[in-house]
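Written out below as structure tokens is the structure these notes cover.
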């Protein structure tokens, strides 16, 4: 069944661990841009939205550099196909809520995506595996520079790029990093860190948006404001914070290894054992157990596991991805079965 | 470490699955005998107890047939060595409580044991793997017949063999069978069966004596009275009851396979996964998980496991056995570690 998953189905950020992959899952840069002379999408009429779609499509069509795939009309997709795009981090959950005039442009490697008519006319996004904010910023800027040659952005000398939401005005940049923090979670220091971060202008949230409980000890941190700083300043600020968290997380792990290695090995071993042998598994349990096993692989406790397999499984076991792989909607029971089977096969394969 | 366990450390009943080994762990016959002219052990003085020890030792010494090992003075053993004998089912828990004048005689295969000065002067016991009450009865009778040539038993033409406890008077025979009933436990029919059995003169108890909760779904059933029936009648009665329980248990299992195979496979798979990967495990958890895995092996759900390995592990993971294997007393934490390691090694070995 895994043989049936085409290699390019998996986004580059899933397949490549990148730097500091023991703590950082992926790094993302998002730029918000709007076209001069058009109201923001929330206030625009049907014709105006279509005009924006047309202009962006034409601009994108002029380049061969970024290997863009043909633009995707969100309205043409099934609900599950839309969810797959969210799971691939190619668009936001908000983007698929009302897909009437939404267009998505992605490149072959699935490292770049352009949401058209989300909250802003354009949201240019670049995502890379591991701790790679500079790479992602460069990629997003390259795309932005290219598009700016053909599109007339709404820009104000004093305030910078104008955006629908005031928090994005200025650079229009949001940098974010997805972190795996099982160590800090284990010693109950997540809440403390969360509070500290909000004091320095950093947002933190669990997997799948604000307010949701963190599944699999995944936390996304990002800058809160974009005004009054350069793109580099914003990115460097987040990088600095991120480095501190990476260090904290690694220290906690080292300490756990020193103080309670056996208990840690036991917990990780049990999770691995269940993953390789269960026949039914919910998304929640899969994330929880895969989080343990990722920690085990990163600490060398389960040396036989290729780390990339865990990254792939963290992605493949999501409901929409699972349904995409099997080419059909499935009942929860069916999904629990196939989820368990995909995990079992992948982990037991040499 | 397992290489360090001598093969003959494991009693024959552990190593050989025998008949109906999917449900029956072992079959045991015990004969109660007393020497004429001596008060029962509970009422005898020191000299009288020593006299009994001497007489039985001498009688046993006259035979080469049963390959008896030199008699063991319970008083010479460490508390753990005594517990090992209980775990091997070579003597009763009561026998080791006050070991002053107790003697134990066992044969090489550990299929026969003679407790001297337990509740009665002699308790001759034969135990075999699987459903083998006839074999066990024959073996016990052979030993009994041999000893009777040299010992003057307390016997009454009308009442039969006289014993310390009135429930043993008559044949002095107790037949018992250790059953593994995970299916009946899963569908919550154990209590019902228990009630039904007591109505037909059958005792049932969980592993480790009356009143204890059943660990690992192990239940021992035995005849309640010995008076008024021949040895064959008593044994055949228990055999009949046993056959019914075996059939019930097998029916429940077949039904579970038919109705909820996936859930069953999931539960068994998870238990197997944890057993092969945990680093710390209590006796209680080991028994619970091994019970699942035994069921899985018996149903062909985990075909790669040799069933005898599970029988061995059910035995080897007991605290006293573990300490015997390692040759020393261990803290609970140490035991939990070594228990997990023995299981891991044995199950992962090809």
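The values are calculated or read from the model by the stated rules, or taken from the named source; none is laboratory data. No experiment lies behind these values; they were computed from the predicted model shown. Glycine gets a Cβ as well: all are built from the backbone with ideal geometry, and neighbour counts include every protein chain shown.
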>> Here is a check on your reading of the model: is residue A:293 surrounded by 19 or more Cβ atoms within 10 Å (Cβ to Cβ) and touching a residue at least 24 places away in the same chain (Cβ under 8 Å)?
In response: yes
> Is there a residue in region A:61-71 that is crowded, with 19+ Cβ neighbours inside 10 Å and part of a helix (DSSP H, G or I)?
Replying inline: no
>> Being outside any loop (DSSP other than H, G, I, E, B) and touching a residue at least 24 places away in the same chain (Cβ under 8 Å): is that true of residue B:120 here?
In response: no
> Any idea which of (1) closer than 25 Å to residue B:171 by Cβ; (2) modelled with pLDDT under 95; (3) part of a helix (DSSP H, G or I) is the one residue B:80 doesn't satisfy?
Replying inline: (1)
> Looking at region B:185-204, which of the residues that are at pLDDT 80 or above and touching a strand residue (DSSP E or B) at 6+ places or on another chain (Cβ under 6 Å) is nearest to residue B:23 (Cα to Cα)?
Replying inline: B:204
>> Looking at region A:246-269 only, could you name the residues that are more than 14 Å from chain B (Cβ to nearest Cβ) and surrounded by 23 or more Cβ atoms within 10 Å (Cβ to Cβ)?
In response: A:249
> Between residues in region A:260-273 that are within 18 Å of residue B:348 (Cα to Cα) and residues that are at pLDDT below 95, which pairs lie under 6 Å by C-beta distance while being six or more apart or on different chains?
Replying inline: A:265/A:301; A:268/A:301; A:272/A:302
> Applying the selection to region A:13-52, what residues are closer than 26 Å to residue A:344 by Cβ and either over 20 Å from the mean Cα position of the chain (by Cα) or in a helix (DSSP H, G or I) (or both)?
Replying inline: A:13, A:14, A:15
> For region B:123-161, which residues satisfy the criterion of being closer than 19 Å to residue B:227 by Cβ, part of a strand (DSSP E or B) and touching a helix residue (DSSP H, G or I) at 6+ places or on another chain (Cβ under 7 Å)?
Replying inline: B:124
> Out of A:102, A:51, which single residue is within 29 Å of residue A:149 (Cβ to Cβ), out of contact with any strand residue (DSSP E or B) (no Cβ under 6 Å at 6 or more places or on another chain) and without any contact (Cβ under 8 Å) to a residue 24 or more places away in the chain?
Replying inline: A:51
> With respect to residue B:243, is the statement that it is surrounded by fewer than 21 Cβ atoms within 10 Å (Cβ to Cβ), over 24 Å from the mean Cα position of the chain (by Cα), closer than 23 Å to residue B:295 by Cα and more than 14 Å from chain A (Cβ to nearest Cβ) true?
Replying inline: no
